[in-house]
1. In this structure, is residue 158 in contact with a helix residue (DSSP H, G or I) (Cβ under 7 Å, 6 or more places away or on another chain) and either over 30 Å from residue 517 (Cβ atoms) or at pLDDT 75 or above (or both)?
2. How many residues are assigned to a helix (DSSP H, G or I) and touching a residue at least 12 places away in the same chain (Cβ under 8 Å) when one looks only at region 419-451?
3. Is there a residue in region 142-156 that is closer than 29 Å to residue 17 by Cβ and assigned to a helix (DSSP H, G or I)?
4. With free of Cβ contacts under 8 Å to residues at least 24 places away in the same chain and not in a loop (DSSP other than H, G, I, E, B) as the only criterion, which of 396, 369 stands out?
5. So residue 393 passes all but one of these: (1) in contact with a strand residue (DSSP E or B) (Cβ under 6 Å, 6 or more places away or on another chain); (2) within 22 Å of residue 473 (Cα to Cα); (3) surrounded by fewer than 24 Cβ atoms within 10 Å (Cβ to Cβ); (4) not aromatic (Phe, Trp, Tyr). Which condition number does it fail?
6. Do we have any residue at all in region 192-201 that's surrounded by 15 or more Cβ atoms within 10 Å (Cβ to Cβ), part of a helix (DSSP H, G or I) and either in contact (Cβ under 8 Å) with a residue 24 or more places away in the chain or of a type in the set (A, V, I, L, M) (or both)?
7. Can residue 50 be described as over 30 Å from residue 417 (Cα atoms), surrounded by 20 or more Cβ atoms within 10 Å (Cβ to Cβ) and in contact (Cβ under 8 Å) with a residue 60 or more places away in the chain?
Amino acid sequence: MKPDATITRRAADCDVMLLLEGTFPYVSGGVSSWVNQLIRGFPQIRFGICFIGSRRDDYGEPKYAMPDNVVHFEAHFLHERHAAPPVLPQAGDVAAYAQMDALHQQLRAPVRATAPQGDISASLYALLPLMQDGGALDEASFLYSQLSWQSIAENYRTYCTDPSFVDYFWTVRIMHAPVWTLARVARQLIPARAYHSISTGYAGFLGALLTQQTGRPLILSEHGIYTKERKIDLFQSEWIRDNRGVFEKDASQLSYFRDLWIRFFEALGRMCYEAAADIVALYETNRLRQVSDGALAGRTRNIPNGIDLPRFSALRALRPATPPPVLCLIGRVVPIKDVKTFIRAMRTVVNLMPEAEGWIAGPEDEDPDYAEECHSIAEGLDLQDRIKFLGFQKIDALMPQIGLVVLSSISEALPLVLLEGFAAGVPAVATDVGSCRQLIHGLDEDDQALGVAGAIVGIAQPQALARAAVELLTDMVRWHAAQAAGIARVERYYTQDQMFAEYRRLYDKSLQQADQSAGPAATCPMHSAAVKKSH
């Protein structure tokens, strides 16, 4: 095992191997909370976890206690320094590099709904044996062979619009280095009857490798669309070079290297979509986005998040008779949550409601520079007495103390925090991203008839956010109507029971397929009990 791996629980095999990139158990909230919820919702299924991260130092101690039914846990850090293969001159295998170039050409082709499925997976599968140590396309060949150099140089001449070959060369190397690590992880990972990736990206690519290697089914669940979120990250990244002169730059065009990274993650996504037997989105807009990005429509479905209704509905009895003038943003202090807009909105809120407070309840360790900027903005707006940075908080303790849940994010999927707030009796003001409009206004005619559970505002509009919040907090008739609508909506459409029932069907289907393909000897006797008892 390479030194970039950590194994804290070890088993000979498992039922479902979860493939997690940058989430549970090291990052709190959001997707991690959902993973924790899912594992605990199926206590008789033996889960394994393969965590994919960047560098070990980017993560602290686990934020979640590991459930007892996680029988295997291993973590791999793709950008951790490790010893490179010995430098040995080699020519490279002509046939192997021709196969690799053919796969690249397939991935460059536009996505078409009518395109044959299986071609990319077949090409990838054919390359897997060649990527093993000592194979014709192993890491040493990629790093040192003459054909690898020629392939990179030819692609630069044919496709690159940036003048720097040096930057292109190192970008390609950095971009592809994790591929060999993931191929090695796939070969060494313990057997599983089914795989479940919670994103495309590196974890989804690992899922594609594993299902091609073992023939066992792969489930893909996307909370946000990975490629969309990586585009947002890449737009904001300062480490990506742009060597165009000031007079050459067109603000409407991405730099070549940003575009190259985007296309790389799109390619990983296509390979995962093609390999997955079942592809889950949280809501219809994202499902359609998956189809446009290469997923077969017949494999896609929507399974919205669900919350533990009895747990959160019990918090309503703890609420005061009058809603507290407290606006609470519950989430990580990171750019994608646009905490700065919330802080700027609070300046207007406090001007109109001097007694109002803004609480920011979420960890600040993921992007310390951004968190420091948020503190500075609060101080610059003379809000240090009206805004409280609370760090990570237990949501059960927060909900009875606040009057509104606020999301100022620039990207969301189907945020659990809105559902939890509704169940606890707290309306919301949110930006018009992801499924937030659906959650607040309702999806179809029957859902919309339940009423409006708060307000929707545009992205990065602090004045609009402030006005919407103040209007709700100062109009008790409207606030109580929003509270009633939120409670009715979550009770009808977004319960944990409904979500577990859908995933129970998916797990049942995948595990039965695995057992049938492997033969009677491979059938695990606990599976039927797991499906009956897990919820």
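1. So residue 158 does not fit the description; no.
2. Residues in region 419-451 being assigned to a helix (DSSP H, G or I) and touching a residue at least 12 places away in the same chain (Cβ under 8 Å): 12 in total.
3. yes
4. That would be 369, the only listed residue that is free of Cβ contacts under 8 Å to residues at least 24 places away in the same chain and not in a loop (DSSP other than H, G, I, E, B).
5. (2)
6. The answer is yes; a qualifying residue exists.
7. no
Rundown of residues vs (1) surrounded by 13 or more Cβ atoms within 10 Å (Cβ to Cβ); (2) closer than 14 Å to residue 179 by Cβ; (3) free of Cβ contacts under 8 Å to residues at least 40 places away in the same chain; (4) not acidic (Asp, Glu), yes/no style:
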{"residue": "103", "(1), (2), (3), (4)": "yes, yes, yes, yes"}
{"residue": "110", "(1), (2), (3), (4)": "no, no, yes, yes"}
{"residue": "124", "(1), (2), (3), (4)": "yes, yes, no, yes"}
{"residue": "132", "(1), (2), (3), (4)": "yes, yes, no, yes"}
{"residue": "147", "(1), (2), (3), (4)": "yes, no, no, yes"}
{"residue": "153", "(1), (2), (3), (4)": "yes, no, yes, yes"}
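The values are calculated or read from the model by the stated rules, or taken from the named source; none is laboratory data. Computed from a predicted structure; not experimentally measured. Every residue, glycine among them, receives a Cβ derived from its backbone with ideal geometry; neighbour counts consider all protein chains shown.
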